[in-house]
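Okay, structure first, notes after.
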Amino acid sequence: MTFRQLAYHNVVRNRRNYAAFFLASVFSVMVFFVCSMFIFHPIFDKDGLQLLAIRGMMIAEIVLYIFTLFFLFYSMSAFLQARSKEFGVLMHLGMSKKQLNKLIFFEMLIIGTISTVTGIVFGFAFSKFFFMIGREIMELDALPLYVSWEPFLLTIAAFASLFVIISFVSVGFIRTKRIVDLLQGFWKVEEESKSSTVLAIMGIVFLASAYTFAANVSDQTVYQMVFIVPPLATFGTYLFFTHTLHFSLQLYKRKKIVYWKKTRLVSLAEASVKLKDSAQMFFIVTIVSTVAFLTVGTLASFMSYTGDFRESNPLGLVYISFDDNELEEEHIDRLASQLRDEQLSYDMVELTVKRQTSAATGNDVDILALSEFNRLATALDFEPAQLQQGEGLFVPFSLDSLKELQSASVDTVLLESDVPLSLRSTYPHVVFPIHTLNINTIVVSDADYRAIDQPLLGYEAGKSNFSYYAFDVLNWTETMNIGNRLTAIVDEAVETANFSDVNFFFENPGADYRWFKSSFALLLFIGVMVAAVFLLAAGSFIYFKLYTGLERDRKQYKLLTRLGMTDKELGKIVNRQLIPQFFLPWLLALLHSAFAFISLQVVWDEFAELSILGEMSIVLGGFTVAQILYFFLIRWRYVAHLQAP
């Protein structure tokens, strides 16, 4: 039998044990390949959304590559440690260290080749499905399946290099060189490691401090906490698993009335032996799970902003014409023609905005006539406003200002035209997109509006007025191709800060909304795929750790069976060993994420008045259900290994 045949038979013989590792590797390759298919798609050469898709997929691939490299290092360490007896027998029969390294190198290449090929096959097989999801998310007319050598070459090159690196380095995972140590196996030492009382208390203090800072974060401190809370939580998590848990267990074992009871004694005694060795694994699983939660939760919170965006931007198109705009009529006719060509029904309301100075604040104020404002309100299916002469109505520019203005009460005079006004109410809806009118905008009666016959101080007669064309488009997200030339002119003026030749302003909230919604949904889609790899790997870490001590556990299981323990009692022992390993890191990750979302809520409050509680609950609840299902799957495989003859 040649070395290659021996390596092949070793892989085939251990195929059940490699199942979780193989599954996680294949899934990583599949996700990487699907991202590559998006990156190299011929249709992604056109606009900003496609550029965002490419950049998002590229970042996802880099993260996947780095994480997969770390994941494979850890998993191969566990497998090679578990096979220490096998390696000891081979070296006892005369195999040199160089030959053993060669054998492991071939095994890694075989597993890597099979994982890469299988992942690419499944990735290409499901590419059409992912393209269908991507087409719906980005609202494209078509996203057809294509065949190109570039995604295949990138995936093969990336994972071939990754498995070659692991093949060279993995031989260093065999920690001891003495044959006698290898023959004794990985679990030859069963002494309990001692914990430090000081470090155990520090773990609690660090975590409590991190949670306290996160819960009490404010607008002024939120960005400073970014550099304080994560390090505290990370160090606290490490100390919690390496010292605090062990210290707490020792305190619990002193209560012999509780500890010395039936199967509890066996379960906790076994936990004391394994706890210290599993501490680093617990820490890794907690951090990986927390990153997955935060990635999906943060991206899911972006989706809340899209709903808020619609409420803050009810108009489909906005065109503002300033003084001396000779192209005003041409632009309006072109916009109307484009809407008709796209078969989009719309209502257009023209408003003439006058600008005055408020005596109460000394600031400029935009003035709207009641009749024109009510025509627009009717077009938007809002209730009309009711005003008497001398009364004014606040017009909120955002949802935040709507809440602030509801309790406002102002008596003022429009200085240039000497028109007194009493403002006691606020319109209950946001009508105009932010930045298209002054933050100080009010509606007055038609009589008061006509009385405003003087221009803003410093302007000639009629020069401070401007025309505001508000388009209410029924299918407002279908305006992607409306006014693109005007948008380009305005964007160029903004970028160059040169408005000397631009006497108008144009905004397409419908197109902006579609871009926001599609881009956030796309990022969420990418984040979910990456998080799925993270969570699958996190569960695999636990499985690998169980497999490392499987031979020892199997011997203990058989010994307890001979001593007369029933299947029910053995089941309790297994559950008491597995449940903490699966759900203790998970619960701590949930706790980390919950406090992180509290800080995220503060960040969101700076941009929009919205709650991310719903998204947080859905994300954490969904991941919890997935973890429970994964627990039962791993438990089933673990029990099957224990009961194997």
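The values are calculated or read from the model by the stated rules, or taken from the named source; none is laboratory data. Note that the structure is predicted; figures quoted are calculated from it, not measured. Positions of Cβ are backbone-derived with ideal geometry, glycine not excepted, and every protein chain shown enters the neighbour counts.
Tabulated results
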read-out: Residue satisfying all of: in the stretch 1-53; aliphatic (A, V, I, L, M) and in a loop (DSSP other than H, G, I, E, B); modelled with the lowest pLDDT among these; value: Met1
read-out: Checking Leu351 against (1) of a type in the set (A, V, I, L, M); (2) over 40 Å from the mean Cα position of the chain (by Cα); (3) outside any strand (DSSP E or B), the condition it does not meet; value: (3)
read-out: Failed item in (1) outside the structural domain of Pro230 (by TED's automatic domain parsing); (2) in a helix (DSSP H, G or I); (3) in contact with a Gly (Cβ under 9 Å, 6 or more places away or on another chain), with Thr295 passing the rest; value: (1)
read-out: Residue within the stretch 411-422 that is modelled with pLDDT of 90 or more, closer than 23 Å to Arg375 by Cα and buried (at least 16 other Cβ atoms within 10 Å of the Cβ) present; value: yes
read-out: Extreme residue, modelled with the lowest pLDDT, among residues of the stretch 213-233 that are in contact with a helix residue (DSSP H, G or I) (Cβ under 7 Å, 6 or more places away or on another chain) and part of a helix (DSSP H, G or I); value: Val222
read-out: Every pair of residues 6+ apart whose Cβ atoms lie under 9 Å, when the first sits in the stretch 227-243 and is closer than 12 Å to Phe213 by Cα and in contact (Cβ under 8 Å) with a residue 24 or more places away in the chain while the second is of a type in the set (S, T, N, Q) and surrounded by 21 or more Cβ atoms within 10 Å (Cβ to Cβ); value: Ala233/Thr290
read-out: Candidates Thr212, Thr234, Thr221, filtered to the one that is under 24 Å from the mean Cα position of the chain (by Cα), under 12 Å from Phe283 (Cβ atoms), surrounded by fewer than 22 Cβ atoms within 10 Å (Cβ to Cβ) and among the polar types (S, T, N, Q); value: Thr234
read-out: Some residue of the stretch 610-628 being aliphatic (A, V, I, L, M), farther than 16 Å from Gly297 by Cα and either part of a helix (DSSP H, G or I) or modelled with pLDDT under 70 (or both); value: yes
read-out: Lone unmet requirement of (1) surrounded by 14 or more Cβ atoms within 10 Å (Cβ to Cβ); (2) polar (S, T, N, Q); (3) more than 39 Å from the chain's Cα centre (by Cα) for Gln338; value: (3)
read-out: Residue list for the stretch 357-379, restricted to those being in contact with a Leu (Cβ under 8 Å, 6 or more places away or on another chain) and not small (Gly, Ala, Ser); value: Thr357, Asp364, Val365, Asp366, Ile367, Leu368, Leu370, Glu372, Phe373, Leu376
read-out: Residue pairs meeting the criteria (Cβ under 8 Å; at least 6 apart or on separate chains; first within 23 Å of Asn313 (Cα to Cα), in the stretch 489-513; second basic (Lys, Arg)); value: Tyr513/Arg310
